[in-house]
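All remarks here apply to the structure that follows.
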Amino acid sequence: MPMLNLPLQTRAASITPTSGGNHIIVWSTGSKVRRYDWFEDQEILEELVLSGADLTRLNRGAPVLDSHQTDDVSSVIGVVERAWLEGNEGRAEIRLSERPELEGIRRDVASGILRHVSIGYAINEVVRIPAAKRGQPDTLRQRCPVNVIGKPSTLALARVRRALARQV
């Protein structure tokens, strides 16, 4: 099977402030997300399987970005302090930057105005599961990498979420 060079994949989840000033986030719930398969010209359901995922990059202080922007260092608005799995949920504790220009973002996160998070990740295994009923979308079950080719690598505050299950 030929190796594809796909763009960064993203998923949205939720953010909850903690009493210590950091925030606990759920960056994946394992729920299926509707996507469009441009190779097959059809709608699909994407399912991200986290069992065995390598969280090393997140646990080494991965950046928290503003809407996945990577243009320059000003897009880095925080850092991942630690990341872990609970069942098929991906969770992390993040700390937002104290830079004065980010005061509005910190206030909006604390007050619940900004409450969605998106994970940037690479995939290394995809299994297509045909739909049970005609007219329903197939499911693409994707396994987060456990090798050095790609891993969950960034978290971002997001304006919108992909799945209704991932809201506060």
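The values are calculated or read from the model by the stated rules, or taken from the named source; none is laboratory data. Since the structure is predicted, the reported quantities are computational estimates derived from the model, not experimental observations. When we count neighbours, we look across all protein chains shown, and the Cβ atoms used for this are built from the backbone with ideal geometry, even at glycine.
Take segment 96-130 and flag every residue that is in a strand (DSSP E or B) and among the hydroxyl-bearing types (S, T, Y).
Initial filter on segment 96-130 (in a strand (DSSP E or B)): 96, 116-121, 125-129.
Once the filter is applied, which keeps residues that are in a strand (DSSP E or B) and among the hydroxyl-bearing types (S, T, Y), segment 96-130 yields S118, Y121.
The number of residues in segment 29-41 that are touching a residue at least 12 places away in the same chain (Cβ under 8 Å), of a type outside the set (D, E, K, R) and assigned to a strand (DSSP E or B) comes to 1.
Got a sec? Which of S75, S19, S28 is under 23 Å from E86 (Cα atoms), modelled with pLDDT of 80 or more and among the small types (G, A, S)?
Working: S75 fails: under 23 Å from E86 (Cα atoms); S19 fails: modelled with pLDDT of 80 or more.
From the options S75, S19, S28, the qualifying one is S28.
State whether the residues of segment 92-102 include one that is modelled with pLDDT of 85 or more and closer than 26 Å to R35 by Cα. Yes, segment 92-102 contains at least one residue that is modelled with pLDDT of 85 or more and closer than 26 Å to R35 by Cα. Spot the failing condition for E125; the list is (1) surrounded by 13 or more Cβ atoms within 10 Å (Cβ to Cβ); (2) at pLDDT below 80; (3) in contact with a strand residue (DSSP E or B) (Cβ under 6 Å, 6 or more places away or on another chain), and only one is missed. Single failed check for E125: (1).
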